[in-house]
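Read the structure below first, then the notes.
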Amino acid sequence: MKHTLAVLVENRPGVLTHISGLISRRAFNIESIAAGYSEEADTTRITVQVEADELELEQVVNQLSKLVDVIKIVNLTDGDSIHRELALIKVKAKPETRSDIVDIVDIFRARVVDVNRETMVIELTGEQSKIDALCEVLKDHGIIEIVRTGLIALSRSPVPAKDI
Amino acid sequence: MRITGAQAIIESLKLEGVDIVFGYPGGAVLTLYDALYEAEFPHVLTRHEQGAVHAADGYARATGKVGVCIATSGPGATNLVTGIATAYMDSVPLVAITGQVGTSLIGRDSFQEADIRGITTPVTKHNYLVKKVQDLPRVLKEAFHIASTGRPGPVVVDVAKDIFAAMLDFQYPDTVQLRGYHPLFEGDSSILDLVVEEMQQAKKPLIFLGGGVNISNTVDQARELAGLTGFPIISSLMGLGAVPSDSPQNLGMVGMHGTYAANMATTECDLLLGIGVRFDDRVTGLLDEFVSKARIVHFDIDPAEINKNVRADIRVVGDLRWSLPALVEKIKAQRSVEWKGQVKDWFDTVKAWEKEQPLGYEPSAEVIMPQTVVEKVSELTQGNALIVTDVGQHQMWTAQFYKFAQGRSFITSGGLGTMGYGLPAAIGAKIGMPEKPVVLFSGDGGIMMNCQELATAANQGLPIKILIINNSVLGMVFQWQRLFYGQRYSHTSLQGNPDFVKLAEAMGVTGLRVTEPGQLDQVLKQALEIDGPVLVDIKVPNTEDVLPMVPNGARLDQMIMGGK
């Protein structure tokens, strides 16, 4: 099963190497990893999505926790939390197919962020399944490239992850 | 105090109570070596950086203090890697200070540049690259704290060359502030009530002692637990010495080359108390069938060890300095329980196994048997020596036949199994514990991997006793080829090795040789009596296997037996 972990780390050089190195040498199955600044200046928040059974998950959490720069790990899989990913999708778009694509974009509540004579770039934020679905539909028009941020997650609780 | 970065490192070492460092100079650490010179700081010059890191490791294992080594950038630093990995696998507290190329040259493939931080990330507890001189005191404070607390381990501090010369206002912090590092000392003591309950219900309990007992200096508490319960005891390679080898409760080492009684007891027990162990594959044999009949209680300081290899029914996470005394107190409070009576049948069973198939070998009047050498040294030193080994057959025979009496008396590369470890580790151990006799068992393979350190031993005038169990082959690999590869001895002959007596003499070490069983006793005595480093080349046959042996992937009770 897939689990989503919020990993709070010290914003120091080498911390991402330590985390990605540990994940690869312990052979954990990581589906996605997304890092960025958090509400604290010196803390980076990394969202890790991992495919693991219960025992494997325990190892992932315990091994990551051993890293000196890892401050806290919170499991956001089961709790009441919001999961999002952002995708930019570049599709082939000739004048005659543009309106079709715009219709699809509207249905998915996505946005067109760039248009030129041959292509359109679509931005979509949502759960992974929604992005997958949009990509699937746009295939017919010819996808040139896709970039996805990887999953990020936040609990709905008034308590921040760092205080849980 | 306004001083240079190099002087700040020396001051930090002094404040951390470091009394000696092991190292090898080079371009990037010239300024640091200049500061060592100026401060007359005690330093042991090894003949290879690998020697320095293993010596620091041997020093740390013998004393319990943090070992410190220094190397220059690039090849100097990469030569430390095997030693750092060795220390990491066996949880040895180590701080390795490496020079890095100058700040402006980092990342440009400069002369003698290697990303030692990146290289050592998988084998260190933590590591640093210092590019600002004002960070040095904090980084060193953290490095020593991280290396020595919780589950100990090696920390690398890589320092850019220009930082050694840069000036700073030196102030050493009193405390560390690490938001992500809080090693657990005291765990949940209510769990221990459950443990006592399990112990009361068990009919076939077994205590399994690991390296954690030696590392945490809880040998006395482990012995008290043993004494109160009367339960049979087994140990891992790293746990040897935690209880005396000749204690009637002690069945000896478990695992691939464990005793028959220890492996049978592990297979048949109904409660296993794993204390400071990590259930390495050399211990468990076929993992799926390891202690399949028992409930498992796992005591460890590292939460990540629980359920890593073996699923624990009860986990006691915390420092053994907390959990063992607390458990002992709870057991003492159970006055009504007659522990020894409860396990009498079980005790008789394990003792019968021990009697039925003791460790043994066929003694010989014609050739010197390697096991005899270990037994003789055991008699001569009476368990009072620090015993160091290299890796291979001689290491296992030492584990099997030496009668260990004390904790921290056996220094060996367990987890990584590093050939070449023994000689430099013995040097470090002797420097750490000068009043203790230090005996190194090595092989004719392992000694060659760091034989340059004979010069260090001679140069330092260290009276270590180097016993080479010389069978002219790479014994352990040879054994596997004999047993599992149809006697196709691919590249395991060491014909062409040097004359070890001459090698020793060339290096300034007294060299002795013994080929006849009748001379063994006298030559060993002579070696122990000579005041100075001695190497003894002991010729043994190459036909001996280390037995019992659990073949790779087999169950613990599926041992190849041997002996008489």
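Observations on the model:
- Per the Debye calculation on chain B with a single equal scatterer at every Cα and no solvent contribution, log₁₀ I(q)/I(0) for q = 0.06, 0.07 Å⁻¹ amounts to -0.31, -0.42.
- Each other residue within a Cβ distance under 12 Å of residue B:212 adds +1 if Lys or Arg and -1 if Asp or Glu, for a net charge of -2.
- Both the radius of gyration and Dmax for the stretch B:11-104 are 12.6, 40 Å, in that order, over alpha-carbon atoms.
- Principal-axis tilt of helix A:98-107 within chain A, Cα atoms, nearest 10 degrees: 40 degrees
- Cα-Cα pairs of the stretch B:2-169 separated by more than 23 Å (percent): 28 percent
- Divide the volume of the convex hull around the Cα atoms of the stretch A:105-148 by the residue count and you get 75 Å³ per residue.
- Kirkwood hydrodynamic radius over Cα pairs of the protein assembly as shown, then Stokes diffusion coefficient at 4 °C and 1.567 mPa s, in µm²/s: 46 µm²/s
- Residues B:1, B:238, B:89, B:199 in ascending order of nearby Cβ atoms (within 10 Å, fewest first): B:1, B:89, B:199, B:238.
- Rounded to the nearest 20 debye, the dipole magnitude of the stretch B:190-356 is 220 debye, with +1 charges on Lys and Arg beta carbons, -1 on Asp and Glu beta carbons, and the Cα centre as origin.
- Fewest-first ranking of B:269, B:69, A:135, using other Cβ atoms within 10 Å as the exposure measure: A:135, B:269, B:69
- Cα shape, the stretch B:376-450, gyration tensor, a/c 1.5 rule: oblate
- Calculated [222 nm] ellipticity per residue, helices only, for chain B: -11000 deg cm²/dmol; basis is -39500 (n - 2.57) per DSSP H run with n ≥ 4, divided by all residues, nearest 500.
- Average beta carbon contacts from partner chains per residue of A:55-61, 10 Å cutoff: 2
- Proxy reagent accessibility, fewest Cβ within 10 Å first, across B:402, B:33, B:421: B:33, B:402, B:421
- Between the residues B:538, B:527, B:481, the greatest Cα displacement towards the positive end of the dipole of the stretch B:370-539, with unit charges on the Cβ of Lys, Arg, Asp and Glu, is found for B:481.
- Inter-chain neighbour count for B:178-185: the average number of beta-carbon atoms from partner chains within 10 Å of each residue's beta-carbon is 5.
- Only helices enter this figure: runs of n ≥ 4 DSSP H residues, each worth -39500 (n - 2.57), summed and divided by the residues of chain A, yield -8500 deg cm²/dmol at 222 nm to the nearest 500.
- In sequence order, calculated HN-Hα J values of the stretch A:137-146 (Karplus, 6.51, -1.76, 1.60; Hz; x Gly/Pro): 5, 6, 3, 4, 8, x, 7, 8, 7, 10
- The calculated FRET efficiency for the pair residue A:41 and residue B:311, based on their C-beta separation and a Förster distance of 56 Å, comes to about 0.85.
- Annotation: Cα Rg of the stretch B:138-287 relative to the compact-globule expectation 2.2 N^0.38 Å equals 1.40.
- Cβ-placed point charges (K, R +1; D, E -1), dipole of the protein assembly as shown about Cα centre in debye, nearest 20: 240 debye
- Ellipsoid equivalent to chain A - semi-axes via the Cα gyration tensor, in Å: 35, 16, 15
- Long pairs among A:66/B:141; B:161/B:430; A:2/A:72; B:376/B:502; B:14/B:132; B:125/B:293, criterion Cα-Cα beyond 29 Å: B:161/B:430; B:125/B:293
- Compactness relative to 2.2 N^0.38 Å, alpha carbon Rg of the stretch B:76-199: 1.32
- Backbone amide hydrogens, once placed in the peptide plane, bring residue B:511 within less than 5 Å of B:505, B:535, excluding anything fewer than 5 places away on its chain.
- Formal net charge of residues neighbouring residue A:56 (Cβ-Cβ distance under 11 Å; K, R +1; D, E -1): -2
- Within 10 Å of the Cβ of each residue in B:307-319, the mean number of Cβ atoms contributed by other protein chains is 1.
- Its Cα centre serving as origin, chain B has a Cβ charge dipole (Lys and Arg +1, Asp and Glu -1) of approximately 400 debye.
- Size of the stretch B:370-539: Rg and Dmax of its alpha carbons, in Å, are 15.0, 48.
- Backbone HN-Hα couplings from phi across the stretch A:72-84 [Karplus 6.51/-1.76/1.60, Hz, Gly and Pro as x]: 7, 10, 10, 8, 10, 6, 8, x, 7, 9, 9, 10, 9
- Listed residues A:35, A:73, A:49: farthest to the positive end of the dipole of the stretch A:2-75 (Cβ charges): A:35
- Sparse-neighbour loop sites [trypsin sites (Lys or Arg not before Pro); the stretch B:256-303; at most 13 other C-beta within 10 Å; DSSP]: B:293
Coordinate-derived values only; no laboratory data. On a predicted model such as this, the values are computed, not experimentally measured, just so you know. Quick reminder, even Gly has a Cβ in these numbers, built from the backbone with ideal geometry, and neighbours come from all protein chains shown.
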